[in-house]
Amino acid sequence: MQATGRLRWQQRIQSGIFVILLAVVTALMAYLAHQYRYEKDVTRNARNTLSSATLGALQQMQGPLRVTAYAVRQDAGGSNVHRMIEERVRNYQRVKRDLELRLVDPREQPKAAAEAGLRSPNALVIEYQRRSEQVALSDFNEQNFANALVRLLRGANSLVLWLDGHGERKLDGIANHDLGSFGQQLREKGFSTSSINLGLAQEVPANAALLVVTHPQVELQAGEVDKLLSFVDHGGNLLWLIDTEPLRGLQPLAEKLGLVLTPGTVIDPALPPRSGPPVFAVAANYARHPVAGTLQYNTLFPHARQVGADDGAGWRVTPLIDVAPRGWVETGKLDAKSTFDKSRDFPGPVNIATALERTVGDREQRVIVVGTGHFLSNSFIGNGGNLALGVSMMNWLAGEDALVTIDPRPAADIQLEVGTLHLYAIAAIVLLGLPLIFVLTGVLVWWRRRNAG
């Protein structure tokens, strides 16, 4: 069919209308995309979605939150640093509408950067209720940002003391049996930590949020024990980590708390080691209590002992953690062939942690006793939920129930393993298949237009 002039004009008008409509639709879609935003996290473990703990910290903040980012606009590689910061902070702004982000290039505003007192050249300064925290831009991730929020929420640092002078585990120690890694986590979350030697100190300071007592290696003197008992009598909060060794002078403290300490070590056959007795107890179920209310991970308790408490001692008692449902408390010799002896051993499940509460004057006193100090040691703090449980205990003991721990996300989908055959297939499709399809499509369109003319 031969195209007439009129037909050509009709085709041009139709093409023009199509172009106009396409432009209108494109502009409308651009407007909608600018006004409305929809995102969906399709990573395997929701790695790009804020955790419930981070959301809780943001929602607890009453009043505006201000973040000032001191960073160059472009880095050496030409990347837009300011845009990257805006995109990462946007996740937090969706939750907290009054979170204000301010971007400052230190090269353009050197005076503002100098007045900020930055500890690193590129950093975020987070301000809330006349308090501020800094996060280095290189360390800007959800965990570090949320830890800064927790420190701001905590306000004045809460003083955590640990009993020292008798070979106890140290909150700043680097030995395998020490609690240095745990102490570092506490400091990152706004606690201040210090040791106290009751052989030298007149008393436990009244401004201490809580006292950590771990197992001594030598006998405490009677005067030291009296100061410790006085601290408890006056409503002091206490975390006591009791190992399976003798109490070495701390029997009066156990009696004051109404503890029932069964001799022996927990045996859990569900987790047999490669050699030696199965003395690693795993906990997966926890009591309904603020300490373990949000814990979702297994925790590991090496060389644990049974901990009970007498309800008649004036305390409200909550057994926190049961382990070894098919195990027992071994009171005999520990070896790889240890078996349950019903005449002397105690069958599982075994409670290894207890929370105690009572009212002293106008304050609520809180105590937690755990039947092992190994679970927070440098050797085992990284196992399962040990760290999360330890921080939760400290928050509860300090009376800050609302503050929660922010755990690092497992990045199960950070690597994609592709076999050689699949790589060749992807290369063939991208480098050969798609270009060939485009060429064939172009030839087909050209051929049809040529025949139509």
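The values are calculated or read from the model by the stated rules, or taken from the named source; none is laboratory data. Remember, predicted model here, so these are calculated numbers, not experimental data. Virtual Cβ from ideal backbone geometry, glycine too; neighbours counted across all protein chains shown.
Checked against the criterion of being modelled with pLDDT under 95 and over 27 Å from L55 (Cα atoms), the candidates G155, G173, G190 yield just one match: G173. From the list L149, L171, L103, L161, the lone residue that is in contact with a His (Cβ under 6 Å, 6 or more places away or on another chain) and either crowded, with 16+ Cβ neighbours inside 10 Å or farther than 30 Å from G223 by Cβ (or both) is L103.
Yes or no: the stretch 100-111 includes at least one residue that is touching a residue at least 40 places away in the same chain (Cβ under 8 Å) and not assigned by TED's automatic domain parsing to the domain that holds A388. The answer is no, given that none of the residues of the stretch 100-111 is touching a residue at least 40 places away in the same chain (Cβ under 8 Å) and not assigned by TED's automatic domain parsing to the domain that holds A388. The set of residues from the stretch 342-358 being surrounded by 11 or more Cβ atoms within 10 Å (Cβ to Cβ) and of a type in the set (S, T, N, Q) comprises N351, T354.
When S79 is tested against the conditions (1) surrounded by fewer than 17 Cβ atoms within 10 Å (Cβ to Cβ); (2) at pLDDT below 85; (3) under 21 Å from the mean Cα position of the chain (by Cα), the lone failure is (3). If the condition is being under 15 Å from V125 (Cα atoms) and over 25 Å from the mean Cα position of the chain (by Cα), then the stretch 82-108 contributes H82, R102, L103, V104, D105, P106.
For the residues P252, P205, P216, the requirement of being within 30 Å of G332 (Cβ to Cβ) and assigned to a loop (DSSP other than H, G, I, E, B) singles out P216.
Checking D243, D226 one by one, the residue that is among the charged types (D, E, K, R), in contact (Cβ under 8 Å) with a residue 12 or more places away in the chain and outside any strand (DSSP E or B) is D243 and no other. Here F301 does not qualify as aromatic (F, W, Y), free of Cβ contacts under 8 Å to residues at least 40 places away in the same chain and assigned by TED's automatic domain parsing to the domain that holds N386. Have a look at L32, L50, L103 and point out the one that is modelled with pLDDT of 85 or more, on the phi < 0 side of the Ramachandran plot, among the hydrophobic types (A, V, I, L, M, F, W, C) and out of contact with any Gly (no Cβ under 9 Å at 6 or more places or on another chain). None of the other options fit; the residue is L103. K111 fulfils the conditions (1) out of contact with any helix residue (DSSP H, G or I) (no Cβ under 9 Å at 6 or more places or on another chain); (2) closer than 18 Å to G63 by Cα except for a single criterion, (2).
Would you check which residues across the stretch 140-170 are in a loop (DSSP other than H, G, I, E, B) and farther than 14 Å from V67 by Cβ and list them?
Across the stretch 140-170, the qualifying residues are N141, G155, A156, N157, D164, G165, H166, G167, E168, R169, K170.
Of all the residues in the stretch 331-355, those that are part of a strand (DSSP E or B), of a type in the set (A, V, I, L, M, F, W, C) and touching a Gly at 6+ places or on another chain (Cβ under 8 Å) number 4.
Of the residues screened, G332 is one that is under 27 Å from E255 (Cα atoms) and either among the hydroxyl-bearing types (S, T, Y) or modelled with pLDDT under 95 (or both). Cβ separations smaller than 7 Å between residues 6+ apart or across chains give the following pairs from the stretch 41-56 residues that are closer than 13 Å to E142 by Cα and part of a helix (DSSP H, G or I) to residues that are modelled with pLDDT of 70 or more and among the acidic types (D, E): T54/E142.
Residue-by-condition table, conditions (1) of a type in the set (K, R); (2) over 19 Å from V89 (Cα atoms); (3) modelled with pLDDT under 85:
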| position | (1), (2), (3) |
| --- | --- |
| E115 | no, yes, yes |
| N122 | no, no, no |
| I126 | no, no, no |
| F140 | no, no, no |
| V150 | no, no, yes |
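Conditions (1) within 20 Å of H215 (Cβ to Cβ); (2) surrounded by fewer than 19 Cβ atoms within 10 Å (Cβ to Cβ); (3) at pLDDT below 90; (4) touching a Ser or Thr at 6+ places or on another chain (Cβ under 7 Å), marked per residue:
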{"site": "N237", "(1), (2), (3), (4)": "yes, no, no, no"}
{"site": "L241", "(1), (2), (3), (4)": "yes, no, no, yes"}
{"site": "Q251", "(1), (2), (3), (4)": "yes, yes, no, no"}
{"site": "E255", "(1), (2), (3), (4)": "yes, yes, no, no"}
{"site": "G276", "(1), (2), (3), (4)": "no, yes, yes, no"}
